[in-house]
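**Student:** First the structure, then my questions, so here it is.
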Amino acid sequence: MLDEEGKRIVLTLPRSPSAVKEADEITERVANQMGFDPKSVDEIAISTTEAVNNAIEYGQGKIFLSLLPSKDRLIIEVWDEGPGFNPQKLKDPASPENIMRTRGRGIFIMRSLMDEVKIRFRRGTKVTLVKYIRS
């Protein structure tokens, strides 16, 4: 576990499937080094790869990944330079008419696995994921 505020890690990811693997590896490594339990490490990695997948599929321009570890939490940001979307217009993936759909679950998954999820739209879309270390 970190004794003090960690150093921010910022990566520029390619707009390709290799970005998902790179994001997965770095988030797992950082979460493990911070002392997260294995279930939380998996939840962090899944949420991060969902955010990167969305940036690849729906975003534009460059994709950025930032990890900010501290003694009690990991803050992850994924952002791109695209126009964004309105999360209020997302269909509920748990509703009967959407239960068999193969798409549209990324934000639902992130919100289910992380302690905090924020989505901001300005010049691009930024997804902020926060996971707290449980003692």
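The values are calculated or read from the model by the stated rules, or taken from the named source; none is laboratory data. Since the model is a prediction, treat every value here as computed from it, not as a measurement. Using ideal geometry, Cβ is built from the backbone for each residue, glycine included, and neighbour counts are taken over all protein chains shown.
**Student:** Looking for whichever is hydrophobic (A, V, I, L, M, F, W, C) and surrounded by fewer than 14 Cβ atoms within 10 Å (Cβ to Cβ) here; the options are Val10, Val78. Which one fits? Break it down stepwise before answering.
**Tutor:** Details: Val78 fails: surrounded by fewer than 14 Cβ atoms within 10 Å (Cβ to Cβ).
On inspection, the qualifying residue turns out to be Val10.
**Student:** Sticking with this structure for a sec: Checking Lys118 against (1) out of contact with any Leu (no Cβ under 8 Å at 6 or more places or on another chain); (2) modelled with pLDDT under 90; (3) of a type outside the set (A, V, I, L, M), which single condition isn't satisfied?
**Tutor:** For Lys118, the exception is condition (2).
**Student:** Do you know which of the residues in segment 51-71 that are touching a residue at least 40 places away in the same chain (Cβ under 8 Å), part of a helix (DSSP H, G or I) and surrounded by 23 or more Cβ atoms within 10 Å (Cβ to Cβ) is farthest from the chain's Cα centre (by Cα)?
**Tutor:** Applying the filter and picking the extreme gives Ala55.
**Student:** Can you find, within segment 32-46, the residue that is nearest to the chain's Cα centre (by Cα) among those that are outside any loop (DSSP other than H, G, I, E, B) and under 12 Å from Tyr132 (Cβ atoms)?
**Tutor:** Step one: of segment 32-46, the residues outside any loop (DSSP other than H, G, I, E, B) are 32-34, 38-46.
Applying the additional criterion that residues be under 12 Å from Tyr132 (Cβ atoms) yields 34, 40, 43-44.
Details: Met34: 17, Ser40: 13, Glu43: 10, Ile44: 7 Å.
It comes out as Ile44.
**Student:** Quick one: in segment 121-135, of everything that is part of a loop (DSSP other than H, G, I, E, B) and surrounded by fewer than 18 Cβ atoms within 10 Å (Cβ to Cβ), which residue is modelled with the highest pLDDT?
**Tutor:** From segment 121-135, those part of a loop (DSSP other than H, G, I, E, B) are 123, 133-135; that's our starting set.
In the following step, the residues that additionally are surrounded by fewer than 18 Cβ atoms within 10 Å (Cβ to Cβ) were identified as 123, 134-135.
Values: Arg123: 75, Arg134: 84, Ser135: 69.
Looking at the filtered set, the residue picked out is Arg134.
**Student:** Given the condition of a type outside the set (Lys, Arg), outside any strand (DSSP E or B) and at pLDDT 85 or above, answer yes or no: does some residue in segment 97-109 qualify? So that I can check it myself, show each step before the final result.
**Tutor:** Step one: list which residues in segment 97-109 are of a type outside the set (Lys, Arg), which gives 97-100, 102, 104, 106-109.
Subsequent filtering for residues that are outside any strand (DSSP E or B) retains 97-100, 102, 104, 106-109.
When the remaining residues are screened for being at pLDDT 85 or above, the result is 109.
Yes - at least one qualifying residue is present in segment 97-109.
**Student:** Shifting gears a bit: From the residues in segment 57-73 that are among the aliphatic types (A, V, I, L, M) and in contact with a helix residue (DSSP H, G or I) (Cβ under 6 Å, 6 or more places away or on another chain), which one is modelled with the lowest pLDDT? Talk me through it step by step, then tell me what you get.
**Tutor:** Step one: list which residues in segment 57-73 are among the aliphatic types (A, V, I, L, M), which gives 63, 65, 67-68.
Applying the additional criterion that residues be in contact with a helix residue (DSSP H, G or I) (Cβ under 6 Å, 6 or more places away or on another chain) yields 63, 65, 67.
Working: Ile63: 94, Leu65: 97, Leu67: 97.
In this case the residue turns out to be Ile63.
**Student:** Looking at segment 47-87 only, could you name the residues that are closer than 19 Å to Ile109 by Cβ and aromatic (Phe, Trp, Tyr)?
**Tutor:** Correct list: Tyr58, Trp79, Phe85.
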